[in-house]
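Laboratory data are not the source of any read-out in this text; all were calculated from the coordinates shown. As the structure is a computational prediction, the values presented were derived from the model and not from experiment. FYI the Cβ positions are ideal-geometry reconstructions off the backbone, even for glycines, and counts take in every protein chain you see.
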Amino acid sequence: MTGQKTHNVVTAAFLVIGDEILSGRTKDKNIGFLADYLTSLGIDLKEVRIVPDEKPEIVAAVNSLRNRYGYVFTSGGIGPTHDDITAECIAEAFGVPLNLDSRAVAILETHYPPGQFTPARQRMARIPEGAELIENKVSKAPGFRICNVHVMAGVPSIMQAMMDAIAPTLKTGTKMLSETVAADMPESRIAERLAAIQDAHPHTLIGSYPRATDGKFTTQIVIRSRDEAILQAAVKDVAEAVAEIAG
């Protein structure tokens, strides 16, 4: 299956699962990666949630997000330990059984030496009924996809490999284009003009990002649109406003 390009906007949410993220023991590296990755594909990441290893929280978040967005991606909680409960939570969210999956068992039995496919490791072969496997080229234990929910490992190298495996299956929208105009002035001096330009160009997104270097305040103005002509028209207006105010 190959990715399909659509002119519609394709949206996604990212659900990060794990007490270790919320406690600070583990510093998340997946949010920034996924945001960049999806943007490059033409998928808008609209929401990120971080939830603890608690079944009610995970089930509620999955059911909320999968009904609001085109895709949901999750990371964390599909390992071999007792607190890795994501698979059973996904099964509960969809109301399907969670069983040892013969495909996952075959992958892991081949991966581990004879006698090393322990009961703990067998937990990683539990897949909700009806789900498709997501290939894991790093450590073999698969992720899975059920409907529009993609369930992946929390370890960044494994999560990234899983994204590479599923990217060709995703429907993607028109990519967001962007340009930046530098303004040698504080954000407050141009804020009113930017608001007017945004109103005049409703099919763009205009953001201003102040910077301070050695006590001098400048502003980076980023203009985004999915249409090149619309983008350039807004960029022209922003650049003219900056030049006029600076002059």
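Gaussian network model of the chain, Cα springs within a sub-10 Å range: biggest mean-square fluctuation belongs to which of GLY24, GLY32, GLY215?
In this elastic network of the chain, the residue with the biggest mean-square fluctuation among GLY24, GLY32, GLY215 is GLY215.
Kyte-Doolittle mean at least -1.0 and Cα extent at least 24 Å along the axis: which DSSP H helices of the chain qualify?
228-246
Counting pairs on different chains as well as pairs 8 or more places apart, how many Lys pairs in the chain have Cα atoms under 25 Å apart?
Qualifying lysine pairs in the chain: 18.
Anyone know which of GLY207, GLY77, GLY143 comes out most mobile in the 10 Å Cα GNM of the chain?
Of GLY207, GLY77, GLY143, the Gaussian network model singles out GLY207 as fluctuating most.
Among VAL16, VAL151, VAL9, which comes first, then next, by fewest other beta-carbon atoms within 10 Å?
Lowest to highest Cβ neighbour count: VAL9, VAL16, VAL151.
Let's test the formula: R0 of 45 Å, r as the Cβ-Cβ distance of LYS175 and ILE245. What FRET efficiency results, to the nearest 0.05? Let's see the in-between values first.
Numbers: r = 31 Å, r/R0 = 0.69.
Using R0 = 45 Å, I get an efficiency of 0.90.
Estimate the FRET efficiency between SER157 and LYS55 by the formula 1/(1 + (r/R0)^6), using the beta-carbon distance for r and 22 Å for R0, to the nearest 0.05. Walk me through the intermediate numbers first.
Working: r = 27 Å, r/R0 = 1.24.
Between SER157 and LYS55 the formula returns 0.20.
Restricting to DSSP H runs of at least four residues, report the calculated mean residue ellipticity at 222 nm for the chain, -39500 (n - 2.57) per run over all residues, nearest 500 deg cm²/dmol. Intermediate results must be reported in sequence, preceding the final value.
On the way: 9 runs with 98 residues, N = 247.
The helix-only estimate for the chain comes to -12000 deg cm²/dmol at 222 nm.
At 0.36 nm per residue, minus the direct Cα-Cα distance, what do GLU192 and LYS236 gain on full extension? Give it in nm, one decimal, please.
Once the chain is fully extended between GLU192 and LYS236, it gains 14.2 nm.
Multiply the residue gap between LEU22 and ALA106 by 0.36 nm, knock off their C-alpha separation, and tell me the result in nm, one decimal place.
Additional length available on full extension: 26.8 nm.
Place a +1 charge on the Cβ of each Lys and Arg in the chain and a -1 charge on the Cβ of each Asp and Glu, then give the dipole magnitude about the Cα centre in debye, rounded to the nearest 20. Display every interim value, and only then the final one.
Details: 25 positive and 30 negative charges, 89 e Å.
The dipole magnitude comes to about 420 debye.
For the chain, modelled as a GNM with alpha-carbon contacts under 10 angstrom, which of ALA61, ALA161, ALA233 fluctuates the most?
Residue with maximal mean-square fluctuation among ALA61, ALA161, ALA233: ALA233.
Rank ILE58, PHE73, PRO119 by how far each Cα sits towards the positive end of the charge dipole of segment 1-158 (+1 on Lys, Arg Cβ; -1 on Asp, Glu Cβ) and give me just the farthest.
The Cα lying farthest towards the positive end belongs to PHE73.
What share of the DSSP beta bridges in segment 4-172 is antiparallel, in percent to the nearest 5?
In segment 4-172, approximately 30 percent of DSSP beta bridges are antiparallel ones.
Using only the alpha carbons, work out the radius of gyration and Dmax of the chain in angstrom.
That works out to 22.4, 77 Å for Rg and Dmax.
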